[in-house]
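Below is one structure; the comments refer to it alone.
The values are calculated or read from the model by the stated rules, or taken from the named source; none is laboratory data. If you're wondering where the values come from, they're calculated on a predicted model, not measured in any experiment. Note that we place each Cβ from the backbone using ideal geometry, even for glycine, and neighbour counts take in every protein chain shown. Please note that ligands, DNA and RNA were not included when accessible areas were found on the heavy atoms of the full protein model with its side chains. Shrake-Rupley method; radii C 1.70, N 1.55, O 1.52, S 1.80 Å.
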Amino acid sequence: MPMATAAGHRCYELWDPMPDEVREGARRFAAVQALNELVGVLQYVEWLDRAPSHTRRQMLMAKIQDEVGHGHVVARVAEDLGMPRERILLDYLEGRTKIHNIFHYSFATWEEVGPGLLLTNSAAITQFQSLAKGVYLPYARALRKVEREESFHYQHALDLTHEILTHGDAEQRRRVQEGFELWLPRILAYLGPPDTDTLHTNRMWQVGLKPDGNDEVRQAWLNKIIPVVRKLGLHVDPALVRQAPSGEWEFEMPDWAQVKKVIANGGPSSQRRLDWVRRALDRNAPYRRALQGVA
Amino acid sequence: MPHIPTDSDVYEVFAQSGHGTALNHVGSIVSPRPDAAWHLAKETYGRRDDLVKLWVVRRTDMIVSSADDRGLLAAKTRMPYRQPGFPTARRRDRSASPPAVAAPREGRDSGLTERRDDAREPGLTDLWLALADDLFVLGNRLGEHIVDYIDLEEALAVGSIGQEALAHAGTILVLCGFDQPAADARFFDRAQAQWQVSRVVERLTDWPSLVAGGLVIAAAVAVLAEQTAEAAQTAGAEQTAGAEPGAAWLPAITAIRDEQLVHLDHWRRWARALAAWPETRTEFARAYAEVTERAGDMFGARPQSPAQGVPAGAAPAGPALAVTLHERLAALVGENGGPGSRLPDGPGTRTWGVGGSALADSLSRGRTVRDEYAPGVFS
Ligand SMILES: [Fe+2]
Ligand SMILES: [Fe+2]
């Protein structure tokens, strides 16, 4: 069984009998990811009509469409497990679910978009690579489709950042650097609190839906992204992140109480995201009914 | 066109042979009785390997692509910019090229003073350039609707239609002789007074109007593409010089036509749904009337000045052609099955500087980043 995890878990397909914990866990993972794809994309949408060239606009639009596509494939996984898609956005609006910390912010400048995209995308790729080793196979396959598209987003982010770093003026390049320093701690927090000591008590790890701990994923991500960032010409301040002689990455620990506050819709753009989704759903309700009613 | 096959006793067989892999199509069987199909398939395709899953589906329950759908399915050629290799190559090429030289922002916002050439008869290229403006604005509006969440599948479809509208706008400029910096300057640096969009554009706001606007613009582009393809075929290979529609236009123009016909079908389905549904009927009827009554100017472009990329010698399209195109448009739009169209009886002309706040906002937003950078930085 090529998909068996290292722990030798059994894997499951949609109609297989499976423990309730696996079914509910997979449904929750897929629904949470769907929500985050669908709401997380809004911070890029805000910049679509400011994208400064025809080609850039095409690439950004393709990326935005892909993110909604990711929301769609994982929402389908959740739907098959009994979570209607309408509930995914509704639960968010009614406060039953929350989006990740990184999606409670907006980009203040175009220069911030590149590094923000680059860090977010690469962290998401690392995380999906881990989750794709999980025991619920329809979700694992959905993640592999997502990963393929993320590699375009990643290259796009590199190109966008590189464009400004090579051709922008000193002030513009400085803002890219600031953007990197602003987003790095947010992504470190996004990957979750340290759990090396507690992972084995995590039920999702035990049933095989969460194959790696937060610390493992965070280290894997830093291993990959920091050399890339340096090669682009950005300065990596050791106060933010540094490599110990052991090879392990050290970083300034996020203020978890503060992160929790942000996630509880206490971030600078939390209300804006909620408002956007609420307005879109209200405005389009009759058209959605028309589409379904006539079909 | 995708079709539904007719051989009702044929079943397609799908099997999964390893955990985690996707299902594969392995072949088909004939079974006169539906309840025997799965067992017959097992004996045919499951004799040797351990299978994890075996699925059987009746052929007549499928919708399958036809040979002529290949063009529509060729995502890599239609949307090259979304392959990971595309931004990678851009980055590599731009590292190799010397940094952009700061030059005076010549051409930016110079639209008001630019010379126009209203005395000339408009040619096919003038009509195309005007439609490219419409497509550019439409594509951007549709991009915003990807996250409008009418439905997820619909969001994805709108995303593709929007991207194709942008791509077609770009292709048209290439056909008309623009290189990439010139195309960007045209889309981003031109003042509204230099735009010649259809009056439909000012109505591209709410969803029903976008459906109606998408429908008439797709129909207009398909009609003009058909006309251009005919002209290009008769012109033959010897008349392909400059930006004049000739044989060199054919592949791109045919692809644009085929894709726009798919868009047209999409908007027609929406128009039917909105017109039939009690809750949206009145709103859509009003939007549809307002959009179609503005759509008489689809082929009413005025001549663009040579500075805008049109060769001075472009063959005039002439008023007779506008009448023909308008009639074809009326026929195509009239078939949509929605509420009464108010498309005027004859063709109208376009005016410079329309598009209302829809275009004005889009232009000013499009400049916010661009204007802060030296010319040539963005490509
Ligand atoms: Fe995504
Ligand atoms: Fe992404």
Once phi is turned into θ = phi - 60°, what whole-Hz ³J(HN,Hα) does the Karplus curve with 6.51, -1.76 and 1.60 give for every residue of segment B:83-90, x standing for Gly and Pro?
7, x, x, 5, x, 4, 5, 4
Let me know the mean shielding of A:142-151 by other chains, meaning the per-residue number of their Cβ atoms within 10 Å of its Cβ.
1
In segment B:358-375, accessible area falls by at least 30 Å² from chain alone to full assembly (1.4 Å probe) for B:R365, B:V369, B:E372, B:Y373
Rounded to the nearest Å, what's the spacing between the alpha carbon centres of segment B:124-155 and segment A:57-105? Just the number, please.
23
With θ set to phi - 60° and the Karplus curve 6.51 cos²θ - 1.76 cosθ + 1.60, what are the ³J(HN,Hα) couplings of segment B:169-178 in order, to the nearest whole Hz, using x for Gly and Pro?
4, x, 4, 4, 5, 4, 4, 7, x, 7
Hey, got a sec? Which GluC sites (Glu not before Pro) in segment A:209-282 land in a DSSP loop and have at most 16 other Cβ atoms within 10 Å?
A:E248, A:E252
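Which semi-axes, in whole Å and largest first, does the equivalent ellipsoid of segment B:10-61 have when worked out from the alpha carbon gyration tensor as the square roots of 5 times its eigenvalues? Write out the running numbers ahead of the final one.
Values: eigenvalues 73, 28, 12 Å².
For segment B:10-61, the ellipsoid semi-axes come out as 19, 12, 8 Å.
Write down the percent of antiparallel bridges among all DSSP beta bridges whose residues are both part of segment B:10-61, to the nearest 5. Display every interim value, and only then the final one.
Working: 12 of 12 bridges.
Around 100 percent antiparallel, to the nearest 5.
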Using +1 at the Cβ of each Lys and Arg and -1 at the Cβ of each Asp and Glu in segment B:129-195, identify which of B:H145, B:G159, B:L129 lies farthest towards the dipole's positive end.
B:L129
Given charges at beta-carbon only (K, R positive; D, E negative), |dipole| of the protein assembly as shown in Debye
700
Any idea how far the Cα center of segment B:18-53 sits from the one of segment A:253-295, in Å?
44
Ignoring ligands, DNA and RNA, please state the percent of accessible area on chain B from carbon and sulfur, probe 1.4 Å.
56
GNM, chain A, Cα, under 10 Å: largest mean-square fluctuation among A:E149, A:E24, A:E37?
A:E24
If you take the charge dipole of chain A about its Cα centre, with +1 on Lys and Arg Cβ and -1 on Asp and Glu Cβ, which of A:L81, A:T120, A:Q33 is farthest toward its positive end?
A:L81
Taking 50 Å² as the minimum loss, tell me which residues in segment B:268-290 lose that much accessible area going from the chain by itself to the full protein complex (1.4 Å probe).
B:W277, B:E279
For chain B, which longest stretch is free of loop sites, where a loop site is one of the GluC sites (Glu not before Pro) that DSSP puts outside H, G, I, E and B and that has at most 13 other Cβ atoms within 10 Å?
B:107-334
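Let me know the charge dipole size of chain B about its Cα centre in debye, to the nearest 20, where only the beta-carbon of Lys, Arg (+1) and Asp, Glu (-1) is charged. Provide the component values of the computation, followed by the final result.
Details: 39 positive and 49 negative charges, 144 e Å.
Dipole about the Cα centre, nearest 20: 700 debye.
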Under DSSP loop assignment and at most 14 Cβ neighbours within 10 Å, longest trypsin sites (Lys or Arg not before Pro)-free interval of chain B:
B:117-341
Once accessible area is computed for B alone, A alone and the pair with a 1.4 Å probe, the total buried surface, to the nearest 100 Å², works out to 6000
Might you tell me the accessible area per residue for the protein assembly as shown, computed with a 1.4 Å probe and given in Å²?
42
Heavy-atom accessible area of chain A with neighbours in place, 1.4 angstrom probe: carbon+sulfur share in percent works out to 54
On average, how many beta carbons from a partner chain sit within 10 Å of the beta carbon of a residue in B:157-163?
4
Once Rh for segment A:66-120 is found with the Kirkwood sum over Cα pairs, what is the Stokes-Einstein diffusion coefficient at 4 °C and 1.567 mPa s, in µm²/s?
98
Just the Kirkwood number for chain B, please: inverse of mean 1/r across all distinct Cα pairs, in Å, one decimal.
23.4
What whole-number distance in Å separates the alpha-carbon centres of segment A:201-224 and segment A:20-37?
16
Contact order relative to length for chain A, counting C-alpha pairs under 8 Å separated by 6 or more residues, stands in percent at 23
Using a 10 Å cut-off around each Cβ of peptide A:160-172, what is the average number of partner chain Cβ atoms that fall inside?
4
Mind checking the log10 I(q)/I(0) for the protein assembly as shown at q = 0.05, 0.07, 0.11 Å⁻¹? Debye, one equal scatterer per Cα, no solvent, two decimals.
-0.27, -0.53, -1.23
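What percent do you get for the relative contact order of chain B when only Cα pairs under 8 Å and 6+ apart count?
Working: 576 pairs, mean separation 76.7, N = 379.
Relative contact order here is 20 percent.
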Straight distance only, please: which lysines reach the Cα of B:K76 with their own Cα at less than 22 Å, same-chain residues fewer than 8 apart left out?
A:K63, A:K145
Karplus ³J(HN,Hα) for segment B:9-17 (6.51 cos²θ - 1.76 cosθ + 1.60, θ = phi - 60°; Hz, whole; x = Gly/Pro) runs 9, 9, 10, 8, 10, 10, 9, 10, 9
Determine the order of A:E21, A:E147 by accessible area, beginning with the largest, at a probe radius of 1.4 Å.
A:E21, A:E147
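In the protein assembly as shown, what % of DSSP beta bridges are antiparallel (nearest 5)?
Numbers: 17 of 18 bridges.
Antiparallel: roughly 95 percent of the beta bridges in the protein assembly as shown.
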At q = 0.10, 0.18 Å⁻¹, what base-10 log of I(q)/I(0) does the Debye formula yield for segment A:99-294 when every alpha carbon is treated as an equal point scatterer in vacuo?
-0.51, -1.36
Grab the other residues whose beta carbon is less than 10 angstrom from that of A:Y92, score K and R as +1, D and E as -1, and report the net.
+3
Members of segment A:62-80 that become less accessible by 30 Å² or more once partner protein chains are added (1.4 angstrom probe, chain alone as reference):
A:A62, A:Q65, A:V68, A:H72
